[in-house]
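Enquirer: Sharing a structure here in structure tokens format.
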Amino acid sequence: MKYFYRALFYPARLYWFLVKPIVYGVGAIIEKDGQLLMVRQTYGDRNIWHFPGGGKKQTESALDAVTREVKEELGIEATLVKLGEFEETAEHRRVRSTCFYGIYNGDTIIIDPKEIEEAKWCSILNMPENMSPVAKASFRLYSNLIR
């Protein structure tokens, strides 16, 4: 199934380049013991790190969307609070993202191998250099409001 996501990514990227659509997304900065949870996706540039999250359906709230995405991608439930909203350009799209924050006290993360290649906890003081533009904007928001 992860190859299906990869196959769809490249035609979508051409569409994004030509149309430059606005997409609505959500992301979750999940903290545990001074570390933040980052993921690499199975599609697109698989070397780029993201915070868990994804697209928001028209019929759902941002909180419902981020709760669904975190549950689908990582199998975890966390109480999340809204940090803020921002717009960033990524992959030839304008991404209007709502960023959430939560603390995870559990021990188990079960990644969805169709969407997530890898998940890891990163020290706040040593975040990956190869973060997506949306992840960088989310981390700046987190740094200004939480740290």
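The values are calculated or read from the model by the stated rules, or taken from the named source; none is laboratory data. Quick caveat: nothing in here was measured; it's all calculated off a predicted structure. Because the Cβ atoms are built from the backbone with ideal geometry, glycine has one as well, and the counts that use them run over all protein chains shown.
Enquirer: I'd like the residue in region 11-30 that is in a helix (DSSP H, G or I) and modelled with pLDDT under 70 and, out of all such residues, is nearest to GLY44 (Cα to Cα).
Expert: ARG13
Enquirer: So which of GLY53, GLY75 is crowded, with 17+ Cβ neighbours inside 10 Å and of a type in the set (Gly, Ala, Ser)?
Expert: Matching residue, one of GLY53, GLY75: GLY53.
Enquirer: Mind checking which residues of region 96-119 are under 24 Å from GLY34 (Cβ atoms), more than 13 Å from the chain's Cα centre (by Cα) and either touching a residue at least 40 places away in the same chain (Cβ under 8 Å) or not in a loop (DSSP other than H, G, I, E, B) (or both)?
Expert: Hits for region 96-119 are GLY102, ILE103, TYR104, ASN105, ILE109, ILE111.
Enquirer: Name the single residue that is modelled with the lowest pLDDT among those in region 112-135 being β-branched (Val, Ile, Thr) and buried (at least 17 other Cβ atoms within 10 Å of the Cβ).
Expert: VAL134
Enquirer: In region 97-138, how many residues are closer than 16 Å to LYS82 by Cβ and of a type outside the set (Val, Ile, Thr)?
Expert: Adding up the residues that qualify gives 7.
Enquirer: SER138: surrounded by 14 or more Cβ atoms within 10 Å (Cβ to Cβ), touching a residue at least 12 places away in the same chain (Cβ under 8 Å) and of a type in the set (Gly, Ala, Ser), yes or no?
Expert: Against the criterion (surrounded by 14 or more Cβ atoms within 10 Å (Cβ to Cβ), touching a residue at least 12 places away in the same chain (Cβ under 8 Å) and of a type in the set (Gly, Ala, Ser)), SER138 qualifies.
Enquirer: Now for a different question. Pairs needed: first member in region 71-84, without any contact (Cβ under 8 Å) to a residue 40 or more places away in the chain; second member anywhere, in a strand (DSSP E or B); C-beta distance under 6 Å; at least 6 residues apart or different chains.
Expert: THR79/GLY102; VAL81/TYR101; LYS82/PHE100
Enquirer: Answer with yes or no whether TYR43 is assigned to a loop (DSSP other than H, G, I, E, B), modelled with pLDDT of 70 or more and surrounded by 13 or more Cβ atoms within 10 Å (Cβ to Cβ).
Expert: When the stated conditions are applied, TYR43 passes them.
Enquirer: If you don't mind, there's one more thing I want to ask. Taking region 79-95 only, how many residues are part of a loop (DSSP other than H, G, I, E, B) and over 20 Å from GLN41 (Cβ atoms)? Reasoning before the result, please.
Expert: Going through region 79-95, the residues part of a loop (DSSP other than H, G, I, E, B) turn out to be 79, 91-92.
The next check asks that each one be over 20 Å from GLN41 (Cβ atoms); those that pass are 79.
Qualifying residue count for the region: 1.
Enquirer: Would it be correct to say that GLU88 is at pLDDT below 95, of a type outside the set (A, V, I, L, M) and surrounded by 19 or more Cβ atoms within 10 Å (Cβ to Cβ)?
Expert: Spelling it out, it is not the case that GLU88 is at pLDDT below 95, of a type outside the set (A, V, I, L, M) and surrounded by 19 or more Cβ atoms within 10 Å (Cβ to Cβ).
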